Every structure is written in C-alpha cells, then in structure tokens.
Amino acid sequence: MRIAFTLSLFREYLANYIKTKLTYRADFWVEVLSDLMFSAMNLIFIFVVFTHTPSLGDWSEAEVVFVYGYFMIPYGIFSTFSNLWNFSERYITKGEMDRILTRPANSLAQVMLENVDPPSLIGSFVGLGIMGVAWGRLGLPFHWYDPLVLIVMVLGSVLIYLGLYTALAAISFYSDAPTGIGPLIYNIQNYGRYPIQIYNKGIRFLLTWLLPFAFVGVYPASFFLERHADRTMAWLTPVVGLIVGAIGLIVWNSGVKRYRGAGS
Amino acid sequence: MLAIDVNQLRKQFKVQKNREGLKGAMLDLFKREHTEVTAVKDISFQIPQGEICGYIGENGAGKSTTIKMLTGILVPTSGRILVNGYVPYKEREEFVRGIGVVFGQRSQLWWDIGVIESFRLLRKVYRVDEADFKRRLDELVETLQLQDLLNRPVRKLSLGQRMRCELVAALLHQPSILFLDEPTIGLDIVVKTEIREFLKRLNRDHGTTILLTTHDLQDIEALCSRVIMLDDGRIIYDGGLEELKERWGKGREVQFQFTDPISLDAVSSLTSGLDVRWTKENEVTAKVWIPRELNVSDVLSRVVGSAAEISDIKIFETNTDEIVREIYRTGSPEAKEAVRG
Amino acid sequence: MASAYLDFVRIRFLMMLAYRVNYYSGIVIYAINIGAYYFMWKAIYGSAETLGGFTVEQMTTYIAVSWMARAFYFNNLDREISNEIRDGSVAVQMTRPISYLMVKMMQGFGEGLFRLLLFMVPGMIIVTLIFPVSLPTDPVRWVIFFVMIWFSFLINSQLNIMTGLFAFYVENNEGLMRLKRVLIDLLSGVILPMTFFPGWAKAILDWLPFQAITYLPGSVFTGRLNGAEVWNALLVQVVWFAALIVPILLMWRTARKRLFVQGG
C-alpha cells in the first residue's frame, strides 16, 4: 500500500522532471553527452593501457571491457534515482528538509524523487551494449537463465550504491560542514570495475567488505566470464546488496531522528 | 476542542563553538567544543479551534523553533504537544495531512514549471481526490485571483504572486490548522492587505485555525484576536490584543516645544515628586512619559505654570508597535511578571 | 590593495581548516588513489621493464607526485563561479572595488596553499615511506618543480574560471563542468602519462593546455625531462598561462555587458 503510493508519486515527479527539462532542452543534451563522454574516457583508458600490455593481471582486454559494461548498468540506474550529491547544501543548509518533513510521504522517497535524473539511464543502455559486444568477442555461451541472473545481479549492485550513498547523504544530518567523503567514496567506487586480483590484500579487503564496490563491477560480472567465474562472490552480490541497503536505510532514519532533535 | 495544546514545552540544542583565529581553528581540527542552548523554555499555551493567534518575538526568541515542533519537524526535548489531536512528532505522515505550512522565505513550488503542475503534484502527495481538488482549487484561485498565473513558472512570478500561490499550495488539502512563518515578509502594502483579507475570510468561512509568526505588528492588529509574545524562550505575554494595549499602553507621552533652549535637569525639576520620565528631543523640545495612574493635566499644569515659555504641546497615545518595543526594552522580570498577571 | 587580496587567501585558508572532516577524508582519498593506481600499474607492467618510456620506479614516482600536485592545483572555482552567477551574487561582487576574478584566484590559492602545507607535504613523506618512490636529489629540480606546479595551479584555475563563466551564457552548465573535470583528469596526465597515448593522439594533446597541468611538472620531477627540455616545459606553461588570459577577459567583458544590459 505504502510502496504503491510511493511508486505512484514517482510517476508524478517524473512528469514534473520532464516538463522542467523541456524548458531547458539544450542542457538536457549537454548532460547526456557529458555522461557518455565520461564513460568514453574510462574506455579510452582501458584501450590505451592495452596497447602496451596484452593482459591486466591475467585478464584480457575484452574481459576488462566486459566488466566495465556491466559496471555502467547499475550505476546508470542508481544515478537516475539517487542524485543526492548536493543534498547537504540544498536540504540542510538551505533548510528544505523542513518542507520535506511537513509533507505526508516518506522523507527519503521524497528527496530521491525530487532529484530524479533519467538521462543517467542512457548510460545503463550503453553499458548493456558494451557488455553485449564484449560477450560476442569473447565467444561466451549464452544460457536461458543469463538475463535473469543479470537482473538479480544488477538489483544487488544498485542496492549497494543506494545504501552507501544514502548513508553518506545522511551524514549531513550530523554535520553540515562539507565532509569531502562524497568524492572519497566516488573515487573508490571506480576501482570496483577492474579485476580485483591486481590489488593488494588491503585494497581487496576494502573493496569487498568495507566499501563493497567490487560487488558493483567485477564480482557480479565474473559470473558470466567462464574463465574467471567466481560463483560464490558473484552470488554474494544480492546478499551484500540487501545488507548494505538496509544499513543505508537505518542510517538515514537515525539521521532524520537526529535532525529532528530526538536522537543523542 | 483545542486545536493546539502545549504543555511545559522545552527544546535544547547543542551548538558547536568555533574558536577564533588560526590557533583556534587548528585546535578545532582535533577537538570541538559544544555549548547547550535552550531555545524554548517550558512554555505552555492552548489555542482553541477557529482562533487566529499571533506569535511574536524578536529574532532568536524561539518562535521558529516552536513552529517547527508544532508542525512535527522537530522533536521536543521535554513537554507535551497535541495538535489536531495528534502528537506531531509521532505519526508524522498521518499528522501533516491535517495541517498547512507556509514558510515565508522558502518556496514549496517547483521553480521551473507552471504553478498548476506543483499543485497537481501536491494533490497526489496529500492524496486529495480529483473532485475535491478541483472544487478547492477553483475556490482558492478565484478568491486570490490567480487565473492568469496558473501556467506561469514560479521563477517568473513576483514575490506577491508567489506568496499567494504558496498559500494555495498549503491549503489544497483543506487543513484545519494553518501555520504561517512570516507570511508577509518583503511584500508591498497592497499585497499585504490582500493576504490579510484572504486569511480573515479563510478563518471565517472554513473555521481554519491560524497561527502566524510575524515581525509586522500590522499583521497582528489586522488579524489576531490573541497574541503570544515570546522573549528568550519564555512566554512573556499571552492574551487579547486589546488587553495588551490596555495594560501596556498605560502611559501617554506629551511633547513640549519651548521658546528658549532648555536642559533636561531643568524640565525634570518642574515635575519633581511625580513618577514621570523626561527625554530631550533637541535644544528646545522635550518629551515626558506619563504613566496611566497619573493625570496628564497634573503634569501639564506644573509645566505650563512654570516660568518656561511654551510654543507648542502635543499629546501621543502609544500604539502597539511602541508597546511591544517598550516591553522588550524594559525586559525586567518584575515588569514581565506584572504583564502575565 | 594587495593586502586585501592576501586577506582572501588567508580567509580561505582558515575556512579550509574549519572543515576538519574534509581534511581527514582528503588524505584518505589521495592515499587510496595512489595505492590503487600503484597496484594497477604494477599489473599493467607485469614483467615488462619499461612502458611508454617509463621504468617501474619512474612510474611510481610519477603517480605519487602527480596526485600530490593535483592536491595543490585542484579547486572548485568553476562551481563557485557558476553558483554565484546563477544566484545573482556576482552582480553584488562586481560593485566592490576589487577584481572579482582576482578574488576567485586568491581564494583558490588559499585552498591550494592549505592542501600544500597540511596535505601534500605530510602525504609525500608517507608515500615515500610506503612505495618505492625516488625523489630528485638536485635542489634546482625541486625549485623548478615548485615553480611549475604554481603554473599548474594558474592554468587549471583559468580553465575552471572559463567553465564557470559559461553560466552567463547557458542556463545550466553542470554538464560542462563534469566534462571539464573528466577531460582534465584524463588528458592532463594524472591517470595516464602522455607518452602512453598513441602517436596521433599525443600529437593532438601536445597542442592542448591540459598536459601543462600535470604531465610536464611530473616529468620534470621524475627526471624524464632534462637540461633544455626542462626549460622548454616551463616555457610551454608560461605560454599557455598568457594565452588563456585572452579568452577569459573576452568572456568576462561580454558577460558584464550582458549583465548591465539585461539586468542579470
């Protein structure tokens, strides 16, 4: 019932987003373009590096590109729904959180919906395309269950993003000073798309258990790569997703509690 | 039934201290110091349904904090609140469907799209059914004359137009209580009057309870039958506007213009023995404040009967503005105690 | 007059100090970035002795020093300027008897100075202890390096100012700012030294200002450039600095005209 209500709100907010964007059409395309350029840059890095070496820690170029294609899918979905980069400034410093709290809907849902960013979704489709091309180049077999597994993996990865960044945004409830943790996490997330084996133990541990960004790229993608398939880690993706998502929700709720002066 | 029932309400905040200078900033890097500030100090008041109540006080007196607690944004440190039969900070989502809130300096409308789109979205958020929404919107649009504005984006509206739209946005779901935080701030006199008329009508036709904070005492005079005055987190006056005038407007001022230059000592000596207060305006002009217990004529006769030659006399009755200023200036606890009765 | 500008440096420096979490997280970001790239490059090198003309040690030193230099020259002037243009406060700033763009430069410098002293110096010491970094022994090289990263700061800030000033011409330059950040990170040589690019790409990049920001000072520091090449690199920076003043002044002039004619 509540979820249905929130979903119905999504349609309304989306409609308002589209109306807003129609007034700034040129910006819309610049945004789409810059998102795609960003992905192109990362691919360029991979291509340039592979002009100098045949493999990256035993991973071939097509395999690394395959992982990158997967990486783009959950990231695009996450960016569409959780565009919280300026949460602290807009909602805490400028006080818009007060308005959110005088409205009869879940506070996190409202904040997320007010910032929907559908152009990011284009990145997901491009990622799917890249994955498809790499799939063919690697000559991987295609099973009937692969699309289903992909959906489960992507959902798990999206939950990891949502949980981590929601928790991060909730930090602003505790301190309105810029923390710089946003860029920190953003930086680290980018290492999840390279073969985890190339890093040393410390970074591997960090990417697997502390800020589990290996689960938004290399682990779930490895499920489809026969040569590097690590089924255990791959199947942990939805599990870790649920755990991190729950943590994000808990941190958000306690942050709101603190904002309203009920905590501590 | 009471619309708002507040009992021994208190709110404390922890405030970070920033130490001064480079050394202070370096120290702050490692250890922060906090101080506790009590914004609202055990206040109690009751507002029956259908009343328009003004909530006034200087900046930092605790007005906004109280409003935020009443609207469910903040959770009180201690005390009891009951608004519309709900405890605002519990069951927040259920509770806020019965109230309307306008923060004068913050918009609740989408900046880039037509006003009507924001209204439609709010209809969804508050789950108002289509027929009710249409009826309500038509009524509001007509009384506030917004027909031509509905399709304009908010950023193209003047402040007055925007404020009228904000009111609509807050009233679409037929709240029985309306909270207004500085609703007329920055508006010109014509728009202010329009908004006051609208609020009066709303209160009369729908019995909407209204609690508003304001710095503009004209708002209070025009709208409120009752005033709650806050100073440093405490209620220093709670009662009718007329009563406030009567109790505090207990003095009058008389201005004398003399033909020759005078000194404050000289004029004060004329009324020695009487409990009056002289102030000098310029070389030849002085004002005397006379409390209600004294007869103005007693003072007049003394001054007029003296050797000083007078060219003009004016008598002033104090207005609300001055009363309020006077209350804040004297600020002594006895004076406040006396007001509370 | 000059002392007024110096005050902006001081105030920004103090402001940076006030945001302590930002400071701690910044250190962690850079440590992780350097670490992750160190391992990635180790994997890329595999058993190869030199790649793109860099030995493994030179590469390690290059990564460390270019991230440290980035700490100094990096700032968010683009975002600050476009925010001030959009909320209209730039008009207020124009009424002051000091140059708006100079003020911005000074604020950026205060930020850079803060990071240089509290960030880059301790960071460099730690990095030298953990990773096999070889520092130059010639004091002259050190001096030239510091002169060069000063120019890196100037050129990067100039590009930021230009990006920020675009807010005068388009309603929303968010996409442009993102694009610029990606371009600088990829094309300035932070994540990939110029010599790794294929010949045709390098030929183009030689004619762009980006390499002057990271690649040139990094190459001087690691000893990849010697003798006359060093002075040549410095000259390239100076030329770019001088050349970029022109478009900035042009943009600023037309922007002011727009502001006065249209009233913002």
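None of the figures in this text is laboratory data; all of them are computed from the coordinates on show. Just so you know, these numbers come straight off a predicted model, no measurement behind them. Cβ sites come from the backbone with ideal geometry, for glycine too, and all protein chains shown count toward neighbours.
Rounded to the nearest 10 degrees, the angle from helix A:61-81 to the longest Cα principal axis of chain A is 10 degrees.
Taking only DSSP H segments of four or more residues, each worth -39500 (n - 2.57), what value at 222 nm results for chain A once the sum is divided by all its residues, to the nearest 500 deg cm²/dmol? Before the final figure, lay out each step's value.
Numbers: 11 runs with 175 residues, N = 264.
Counting only the DSSP helices, I get -22000 deg cm²/dmol.
Sorting A:ILE151, A:ILE247 by the number of Cβ atoms found within 10 Å of their own Cβ, with the fewest placed first, yields A:ILE151, A:ILE247. What is the projected area of the convex hull of the Cα atoms of segment C:141-229, averaged over all directions, in nm²? For segment C:141-229, averaging the hull's shadow over all directions gives 6.5 nm². Charge dipole (Cα centre; +1 on Lys/Arg Cβ, -1 on Asp/Glu Cβ; no other charges) of chain C amounts to roughly 560 debye. Amide H contacts of B:ALA286: B:PHE256, B:PHE258, B:GLU281, each under 5 Å away and 5 or more positions distant or on a separate chain (H built 1.01 Å from N in the peptide plane; Pro and chain starts excluded).
With a/c under 1.5 counting as rounded, go ahead and sort segment B:159-226 into rounded, prolate or oblate using the C-alpha gyration tensor (a ≥ b ≥ c being the square roots of the eigenvalues; past the cut-off, prolate if a/b is larger than b/c, else oblate). Here segment B:159-226 falls in the oblate category. The mean count of C-beta atoms from other chains within 10 Å of the C-beta of residues in B:123-136, rounded to a whole number, is 2. Sequence-ordered 3J(HN,Hα) estimates for segment A:228-239 from the Karplus curve with 6.51, -1.76 and 1.60 and θ = phi - 60° stand at 10, 3, 10, 4, 4, 5, 4, 6, 6, 3, x, 5 Hz, glycine and proline given as x. So, counting K/R as plus one and D/E as minus one, what does the shell of residues with Cβ under 15 Å around A:THR80 add up to? Summing Lys and Arg as +1 and Asp and Glu as -1 gives -2. Segment A:186-200 and segment B:120-184 have Cα centres spaced 50 Å apart. Ranking C:ILE184, C:TRP231, C:ILE34 by how far each Cα lies toward the positive end of the dipole of chain C (charges on Cβ) leaves C:ILE184 at the top. Kirkwood analysis of the Cα pair distances in segment A:1-148 returns a hydrodynamic radius of 18.0 Å.
In vacuo Debye scattering of the protein assembly as shown, one point per C-alpha: log10 I(q)/I(0) at q = 0.06 Å⁻¹? Summing over Cα pairs of the protein assembly as shown leads to -0.54. Considering only A:ILE198, A:ILE250, A:MET72, and ranking their Cα positions along the charge dipole of the protein assembly as shown that arises from unit charges at the beta-carbon of Lys, Arg, Asp and Glu, the one farthest toward the positive end is A:ILE198. Neighbouring Cβ atoms from other chains, within 10 Å of the Cβ of residues in A:192-200, number 3 on average.
Please average, across the residues of A:166-175, the number of beta carbons from any other chain that are within 10 Å of each residue's own beta carbon, and give a whole number. Numbers along the way, then the final one.
Values: counts 0, 0, 0, 0, 0, 1, 0, 0, 1, 5.
Average per residue, whole number: 1.
With a ≥ b ≥ c taken as the square roots of the eigenvalues of the C-alpha gyration tensor of segment B:250-317, please select rounded if a/c is under 1.5 and otherwise prolate if a/b is larger than b/c or oblate if it is not? Here segment B:250-317 falls in the prolate category.
Think of it as helices only: each DSSP H run of n ≥ 4 in chain C is worth -39500 (n - 2.57), and spread over all residues that comes to -24500 deg cm²/dmol at 222 nm. Relative to the longest principal axis of the Cα atoms of chain B, the long axis of helix B:159-171 lies at roughly 60 degrees.
By the Cα gyration tensor, chain B has an equivalent ellipsoid whose semi-axes, rounded to whole angstrom, run 45, 27, 21 from largest to smallest.
Note on segment C:49-100: dipole from Cβ charges, positive end direction compared against C:GLN93, C:THR61, C:ASN75; the farthest Cα belongs to C:GLN93.
Taking θ as phi - 60° and the Karplus parameters 6.51, -1.76 and 1.60, the scalar couplings of segment C:205-215 work out to 5, 4, 9, 10, x, 4, 4, 5, 7, 10, 4 Hz in sequence order, x denoting glycine and proline.
For segment A:2-259, the spread of Cα positions along the three principal axes, ordered from largest to smallest, is 57, 41, 36 Å.
Under the convention that each Lys and Arg Cβ holds +1 and each Asp and Glu Cβ holds -1, the size of the dipole of chain B around its Cα centre is about 1520 debye. Legend: ranking of residues C:TYR37, C:TYR100, C:TYR73 from fewest to most surrounding C-beta atoms inside 10 Å; resulting order C:TYR100, C:TYR37, C:TYR73. The magnitude of the dipole of the protein assembly as shown, with charges of +1 and -1 set on the Cβ of Lys/Arg and Asp/Glu and taken from the Cα centre, is near 1520 debye.
Only DSSP H runs of four or more residues enter the estimate; each adds -39500 (n - 2.57), and after division by the residues of chain B the mean residue ellipticity at 222 nm equals -11000 deg cm²/dmol. If you look at the Cα atoms of segment C:112-264, you get an Rg and a Dmax of 18.0, 59 Å. The peptide list B:289-301, B:100-112, C:181-193, put in order of mean Cβ contacts within 10 Å with the highest first, becomes C:181-193, B:100-112, B:289-301. A simple rule links phi to the HN-Hα coupling: the Karplus curve 6.51 cos²θ - 1.76 cosθ + 1.60 with θ = phi - 60°, which for segment A:151-159 gives 4, 4, 4, 4, 4, x, 4, 4, 4 Hz, with x for Gly and Pro. Panel order for B:TYR126, A:TYR219, A:TYR194, by other beta carbons found within 10 Å of each beta carbon, from fewest to most: B:TYR126, A:TYR194, A:TYR219. How many angstrom lie between the Cα centre of segment A:68-106 and the Cα centre of segment A:224-264? The distance from the Cα centre of segment A:68-106 to that of segment A:224-264 comes to 16 Å. Prolate is the label for chain C. Its Cα gyration tensor axes, ordered a ≥ b ≥ c, give a/c of at least 1.5 and a/b above b/c. Between the helical axis of C:56-73 and the longest alpha-carbon principal axis of chain C there is an angle of about 20 degrees. Exactly which trypsin sites (Lys or Arg not before Pro) in segment A:63-106 are in a DSSP loop and have at most 16 other Cβ atoms within 10 Å? Sites meeting the loop and neighbour criteria: A:LYS94. Relative contact order for chain C: 26 percent, from Cα pairs under 8 Å spaced at least 6 residues apart, divided by residue count. With a cut-off of 15 Å between beta carbons, the residues surrounding A:ALA229 carry a summed charge of -3, where Lys and Arg count +1 and Asp and Glu -1. From most to least packed by mean Cβ count within 10 Å, the peptides A:231-244, C:86-99, B:170-183, A:107-120 give B:170-183, A:107-120, A:231-244, C:86-99.
FRET efficiency for the pair B:GLN255 and B:ARG152, taken as 1/(1 + (r/R0)^6) with r the Cβ-Cβ distance and R0 = 51 Å, rounds to 0.50.
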